[in-house]
1. Hey, for a label at N32 modelled as a point 7 Å past Cα toward Cβ, could you say which residues of region 1-22 have their backbone N under 11 Å away?
2. Towards the positive end of the charge dipole of the chain, with charges on Cβ (+1 Lys, Arg; -1 Asp, Glu), say which of F69, Q42, I23 has the farthest Cα.
3. Against the globular-protein guess of 2.2 N^0.38 Å, express the Cα radius of gyration of the chain as a ratio, rounded to two decimals.
4. Could you derive backbone 3J(HN,Hα) for region 8-19 from the dihedral phi with the Karplus parameters 6.51, -1.76 and 1.60 (θ = phi - 60°), listing whole Hz in sequence and x where the residue is Gly or Pro?
5. Grab the DSSP H runs of the chain that are 4 residues or longer, score each as -39,500 (n - 2.57), total them, divide by all residues and round the 222 nm result to the nearest 500 deg cm²/dmol.
6. Excluding same-chain residues fewer than 8 positions from K25, which lysines have a Cα within less than 20 Å of its Cα?
7. Cross-link partners among lysines for K49, C-alpha distance below 24 Å, same-chain residues fewer than 8 apart left out?
8. Which whole number in µm²/s is D for region 18-62 by Stokes-Einstein, with the Kirkwood Rh taken over Cα pairs at 10 °C and 1.306 mPa s?
Amino acid sequence: MKVVSLKIDNSIFDETESIIKQIKKPRNRYINEALDFYNKIQRRRMIEKKIKIESQLVGNDSLEVLKEFELVDYAD
């Protein structure tokens with residue numbers, strides 16, 4: 001395990017202390033779970049952004065292919 005020193009806004013610290021007392025969970029465990037949850041959210045956002053960019057690229061390619069098919073003369 002790594003030791004981390006961080007500065008937390010007083011209001012966030014106070015709220016956190018209040019919550020961990022009520023749920024009877026150690027501060028370290030609570031912060032680890034919070035960071036894990038936030039990391040999952042950020043990973044999901046990064047994946048969504050990547051998929052959006054790739055979908056736009058595929059969409060543009062699909063339109064180009066459609067235009068080319070429309071120009072083909074299907075003479076029998």
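Just so it is clear, none of the values below were taken in a lab; they were calculated from the coordinates. In this text the structure is predicted, and so the values were computed from the model without any measurement. All Cβ positions, glycine included, derive from the backbone under ideal geometry; neighbour counts span all protein chains shown.
1. 1-2
2. Farthest along the dipole direction, towards plus: I23.
3. Output field value: 2.23.
4. After applying 6.51 cos²θ - 1.76 cosθ + 1.60, I find 10, 3, 4, 5, 5, 4, 4, 5, 4, 4, 4, 5 Hz.
5. Computed mean residue ellipticity for the chain: -28000 deg cm²/dmol.
6. Here the lysines satisfying the reach criterion relative to K25 are K2.
7. The reachable lysines, counting only those whose Cα sits under 24 Å from K49, are K40.
8. Answer from the Stokes-Einstein relation: 122 µm²/s.
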